[in-house]
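Heads up: the structure comes next, in structure tokens.
The values are calculated or read from the model by the stated rules, or taken from the named source; none is laboratory data. Treat the numbers as computed from the prediction; the structure is a model and nothing was measured. Neighbour counts are summed over all protein chains in view; Cβ atoms, including those assigned to glycine, are modelled from backbone coordinates with ideal geometry.
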Amino acid sequence: MDPEQNYVLYRNIFDKVIEYVTSYKNILTTIKQEYDKFIEALKRGQKESFYLQGKLKTLTFEPTTFVYYRQRADQLKEKIKIIEKDSSKIQKELQDIRDVKVWKSKREEKVLLKKKTVNLKRPIPGMTLEQCFDMNALDKRKKLLEKQVLRLKTELKLRYVSIIVKPDYEEKMKLVLNQISKAESMNKELLVGYQKRRLVLDAITAWTKTDRRVKLSEFISEMIMKHDNLQDASRLYGDQITAEWDYLEDDSGTMKEGTVLLQCVERFNELFDHGQYEVAAVFAANCPRGILRTAATMEKFKAAAVVKEKSPPLLLYFEAIINSSTAVKHPLNAAMTLEGIQCALSHKRLDLVMHWITQQRLTFSEALGDVILDYGEKEPRSRAKCLALAQIIYMYCNVHRKAGFCMCLQGQIYGVMEYINMCKQFSLDDLLFLMKNCPSADLIHRLVQEWNGKPPALSMGLTVLSLIFDDHKEEGFQLLEQIHTLGEDVLENVILSDVICTLEGWTEIAKECSDHKHIDLSEKIISILKSQDEVWEILSSEEDAKLMEHVFL
């Protein structure tokens with residue numbers, strides 16, 4: 001049994017015995033009290049013993065605990081250092097962000113200060129006078145401008161980086177410049193060593209061709225002395241004396257050029273076979289003599305597999321060779337230029353095409369302008385950009401009719417008229433081409449009117465006939481109606497002053513007016529024609545109106 005239970009049992013037995021006896025009751029009570037005191041003393045001793053044992057264990061483990069506490073303190077100190085470092089980094093980033101915001105606000109203030117006052121009386125660029133008073137056209141123009149502003153803001157976020165990264169790029173540039181200077185110094189040392197070895201080799205070769213009476217060592221020493229004297233003379237009298245030595249070096253380079261080119265091709269094939277298309281493209285663009293700027297290399301990139309979420313190998317190749325064309329002085333020919341533009345447009349990279357064209361790194365051709373113009377028709381969002389790019393190409397290639405056509409599609413009627421009057425090679429066929437493909441009322445009016453004191457580009461009769469035969473009859477009839485509304489004398493003056501369109505042509509115009517329910521206009525034209533002495537008889541009917549006889553006096 002447990003000692004505690006024995007104690008409780010014995011105490012209860014004592015109580016029973018004391019209750020039972022009478023003579024020894026006092027003695028037994030005293031014994032029981034002494035027994036209780038003894039038990040209490042034992043319990044107290046056990047408690048003290050337990051306490052002392054625990055204290056002894058604590059004292060025993062105190063060094064280990066102290067070590068653990070020190071380790072924990074070191075860990076906390078390291079964490080505090082990391083937190084302080086991160087805090088300082090975050091504070092620096094916050095300060096940089098604040099600086100950028102301050103810089104942007106200052107820049108916006110400068111832009112606002114530099115903002116020019118808008119002349120409200122000036123016509124809206126890209127819109128005709130009639131469109132400026134049309135609310136629907138103005139709403140469309142407003143939406144288009146809002147889209148352009150949104151696109152420019154998006155490009156500002158995606159295509160440009162913060163000014164914060166400028167110090168990092170400056171450090172990288174310094175490292176690259178240091179590497180270049182080290183490489184140049186090493187190159188000079190290697191060149192000096194090469195010249196010395198070449199001098200010794202030439203001396204040995206020359207010694208073998210002699211009678212060998214002079215010792216080889218003496219012969220080499222003599223050649224070295226001559227070379228040193230030659231260098232001293234070159235310092236005094238310029239580079240004319242050393243021209244022969246430079247020629248020998250160039251000749252040596254020419255002899256080794258084939259080996260270098262072969263190594264370039266092998267290195268390119270190695271990069272290409274390992275799938276490093278971007279590195280291979282840059283390497284091909286910078287190879288000497290443009291040996292990898294060929295159609296065969298282009299076909300190799302075209303046949304390469306395209307990896308998802310990565311730029312196509314063919315586009316990487318064209319981007320590398322076009323961007324480096326100015327530096328290496330190997331511009332692309334017209335055929336490869338056309339392939340490169342088609343590749344970029346097929347992957348929706350109009351930004352690359354714009355950069356290449358504006359930097360004039362391509363060989364322009366009419367076919368190139370046609371490709372960009374077709375892309376603008378397929379992609380309405382990029383139509384304005386494509387028209388501007390195609391206009392640049394056509395003007396460079398002297399394809400005047402298509403350059404003017406692009407201006408008309410952009411609504412630049414005044415620009416077209418200035419271009420027509422400035423360009424002497426603008427033929428009648430080109431003018432008719434413009435009117436056929438862009439029969440706007442504003443353009444037609446400008447073509448048949450005087451421009452800056454110069455006679456009209458087209459005659460009225462020829463213009464109306466061209467519109468009628470090109471399925472633009474209503475535009476031609478509207479033009480005549482507008483002239484007719486100005487007065488009968490105005491229409492008569494226009495017909496009589498037209499020296500290009502014959503009377504048969506005006507008769508045909510009158511017949512077409514009659515056939516399309518413009519009776520008054522037809523009768524007025526016929527009456528004007530009948531009033532002339534050149535015409536004997538004009539039969540006017542709905543079926544067989546024709547000119548019977550035309551006599552020139």
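Just one of the listed residues (200, 214) is surrounded by 10 or more Cβ atoms within 10 Å (Cβ to Cβ), at pLDDT below 80 and of a type in the set (A, V, I, L, M, F, W, C), namely 214. Taking first residues from segment 73-101 that are under 27 Å from residue 165 (Cβ atoms) and partners that are not small (Gly, Ala, Ser), the Cβ contacts under 6 Å between residues at least 6 apart in sequence or on separate chains come to 96/164. When 367, 281, 320 are checked against the criterion of being more than 20 Å from the chain's Cα centre (by Cα) and without any contact (Cβ under 8 Å) to a residue 60 or more places away in the chain, 367 stands alone in meeting it.
Give segment 124-173 a look and list any residue that's under 21 Å from residue 380 (Cβ atoms) and not in a helix (DSSP H, G or I), or say none. Please lay out each step first, then the result.
Going residue by residue through segment 124-173, those that are under 21 Å from residue 380 (Cβ atoms) are 124-128, 131, 134, 136-155.
Selection gives 124, 125, 126, 127, 128, 134.
All conditions but one from (1) under 27 Å from residue 387 (Cα atoms); (2) surrounded by fewer than 10 Cβ atoms within 10 Å (Cβ to Cβ); (3) at pLDDT 75 or above apply to residue 122; the one that does not is (3).
Can we say residue 107 is assigned to a helix (DSSP H, G or I) and at pLDDT 85 or above? Spelling it out, it is not the case that residue 107 is assigned to a helix (DSSP H, G or I) and at pLDDT 85 or above.
What is the residue count in segment 166-206 for residues that are over 18 Å from residue 221 (Cβ atoms) and either in contact with a helix residue (DSSP H, G or I) (Cβ under 6 Å, 6 or more places away or on another chain) or among the β-branched types (Val, Ile, Thr) (or both)? Give the derivation first.
Going residue by residue through segment 166-206, those that are over 18 Å from residue 221 (Cβ atoms) are 166-194.
Those still in the list that are either in contact with a helix residue (DSSP H, G or I) (Cβ under 6 Å, 6 or more places away or on another chain) or among the β-branched types (Val, Ile, Thr) (or both) too: 176, 180, 192.
Total meeting the criteria: 3.
Considering segment 348-402, and only residues there that are part of a helix (DSSP H, G or I) and aromatic (Phe, Trp, Tyr), the residue that is surrounded by the fewest Cβ atoms within 10 Å (Cβ to Cβ) turns out to be 396.
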